1. Scanning for something closer than 13 Å to ASN131 by Cβ, touching a helix residue (DSSP H, G or I) at 6+ places or on another chain (Cβ under 9 Å) and at pLDDT below 95, does the stretch 7-19 turn up at least one residue?
2. With the condition being within 13 Å of the chain's Cα centre (by Cα) and β-branched (Val, Ile, Thr), I'd like the helices (runs of 4 or more DSSP H) fully within the stretch 78-179 carrying at least 1 qualifying residues.
3. Looking for something under 21 Å from ILE162 (Cα atoms), touching a residue at least 12 places away in the same chain (Cβ under 8 Å) and either β-branched (Val, Ile, Thr) or assigned to a loop (DSSP other than H, G, I, E, B) (or both) - is there at least one such residue anywhere in the stretch 8-20?
4. Contact list please: Cβ distance under 9 Å, first residue in the stretch 37-48 and within 12 Å of PHE24 (Cα to Cα), second residue crowded, with 21+ Cβ neighbours inside 10 Å and of a type in the set (S, T, N, Q), pairs at least six apart or on different chains.
5. Looking at (1) of a type outside the set (Ser, Thr, Tyr); (2) in contact with a Ser or Thr (Cβ under 6 Å, 6 or more places away or on another chain); (3) closer than 18 Å to THR72 by Cβ, find the lone condition where ASP126 falls short.
6. If I filter the stretch 69-76 for residues that are surrounded by fewer than 22 Cβ atoms within 10 Å (Cβ to Cβ), of a type outside the set (Asp, Glu) and either in a strand (DSSP E or B) or touching a Ser or Thr at 6+ places or on another chain (Cβ under 9 Å) (or both), do I get at least one hit?
7. Which one is surrounded by the fewest Cβ atoms within 10 Å (Cβ to Cβ), of the residues in the stretch 106-119 that are of a type in the set (S, T, N, Q) and touching a strand residue (DSSP E or B) at 6+ places or on another chain (Cβ under 6 Å)?
8. Of the residues that make up the stretch 57-68, is at least one in a helix (DSSP H, G or I) and either within 17 Å of LEU98 (Cα to Cα) or touching a helix residue (DSSP H, G or I) at 6+ places or on another chain (Cβ under 9 Å) (or both)?
Amino acid sequence: MSQIHYFTDNSGLPSNRREITFQFSGRTFTFVTDDGVFSKDGVDRGTEILLKNAVCTPLSGSVLDLGCGYGTVGIVVKTMFPECSVTCSDVNSRALELTELNAEKNKATVRAVMSDRFDSLADHFDMILTNPPIRAGKAVVHGILSEAYDHLNRGGVLLAVIRRKQGAESAVRKIAEVFGSCEVIDRDKGYWILKGIRN
């Protein structure tokens with residue numbers, strides 16, 4: 001039964017691809033989605049709020065879109081800041097296949113890596129962006145938040161979006177425990193944007 005979840009490798013699930021559009025910052029992005037990936041019918045509100053906060057100042061260096069789904073965050077960041085080196089990772093092979101397709105469709109060069117959290121990511125990044133898989137459970141979400149610290153360069157930033165009713169307050173405590181502090185930089189329709197900096 002667990003194989004149907006978007007946060008697992010569900011490549012055996014029958015395919016049902018469709019195309020969606022996403023308007024962001026005056027640009028129109030086109031994404032192919034499929035059954036078995038997160039938010040298949042359209043970019044979710046949390047991802048949009050995460051992006052809004054991520055791109056409000058110019059980005060440079062290396063960026064990781066962790067749990068990338070069909071690639072929305074990484075592709076938008078690369079499009080808006082072409083000088084960034086962008087990695088998109090997910091445990092779901094179908095999501096990664098769509099990420100590669102969508103990167104090509106939107107003319108954004110990103111690296112797609114299959115990884116269970118950080119297991120296949122040896123790199124260090126200047127920014128890690130994540131809309132973590134809440135339905136995978138608290139242990140997985142807090143594991144992502146904790147492990148992010150060791151994969152950031154000094155001065156690197158973690159931005160995570162979590163709904164208040166789905167554990168944002170405990171996530172704040174976890175980030176503060178690992179990073180030394182956690183700032184809630186935005187609250188929008190129940191979504192919190194959490195920021196940790198590796199000092």
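1. To start, the set of residues in the stretch 7-19 that are closer than 13 Å to ASN131 by Cβ comprises 7.
Next cut, touching a helix residue (DSSP H, G or I) at 6+ places or on another chain (Cβ under 9 Å) only: 7.
Subset that is at pLDDT below 95: 7.
There is at least one residue in the stretch 7-19 that is closer than 13 Å to ASN131 by Cβ, touching a helix residue (DSSP H, G or I) at 6+ places or on another chain (Cβ under 9 Å) and at pLDDT below 95.
2. On the way: elements: 93-105, 138-148, 168-179.
In the stretch 78-179, 93-105, 138-148 are the helices (runs of 4 or more DSSP H) which contain 1 or more residues that are within 13 Å of the chain's Cα centre (by Cα) and β-branched (Val, Ile, Thr).
3. So the first thing to find is which residues in the stretch 8-20 are under 21 Å from ILE162 (Cα atoms), and the list is 8.
Now narrow it down to the ones that are touching a residue at least 12 places away in the same chain (Cβ under 8 Å): 8.
When the remaining residues are screened for being either β-branched (Val, Ile, Thr) or assigned to a loop (DSSP other than H, G, I, E, B) (or both), the result is 8.
Yes - at least one qualifying residue is present in the stretch 8-20.
4. Once the first residue is within 12 Å of PHE24 (Cα to Cα) and sits in the stretch 37-48, its partners that are crowded, with 21+ Cβ neighbours inside 10 Å and of a type in the set (S, T, N, Q) give VAL43/THR72; THR47/THR72; THR47/ASN131; GLU48/THR72.
5. With respect to (1) of a type outside the set (Ser, Thr, Tyr); (2) in contact with a Ser or Thr (Cβ under 6 Å, 6 or more places away or on another chain); (3) closer than 18 Å to THR72 by Cβ, ASP126 is out only on (3).
6. So the first thing to find is which residues in the stretch 69-76 are surrounded by fewer than 22 Cβ atoms within 10 Å (Cβ to Cβ), and the list is none.
Within the stretch 69-76, none of the residues are surrounded by fewer than 22 Cβ atoms within 10 Å (Cβ to Cβ), of a type outside the set (Asp, Glu) and either in a strand (DSSP E or B) or touching a Ser or Thr at 6+ places or on another chain (Cβ under 9 Å) (or both).
7. Within the stretch 106-119, the first condition is being of a type in the set (S, T, N, Q), and the residues that meet it are 106, 109, 115.
If we keep only those that are touching a strand residue (DSSP E or B) at 6+ places or on another chain (Cβ under 6 Å) as well, we get 106, 115.
Values: ASN106: 20, SER115: 17.
Per the stated criteria, the residue is SER115.
8. Just the residues of the stretch 57-68 that are in a helix (DSSP H, G or I), to begin with: none.
The answer is no; no qualifying residue exists.
The values are calculated or read from the model by the stated rules, or taken from the named source; none is laboratory data. Remember, predicted model here, so these are calculated numbers, not experimental data. Cβ sites come from the backbone with ideal geometry, for glycine too, and all protein chains shown count toward neighbours.
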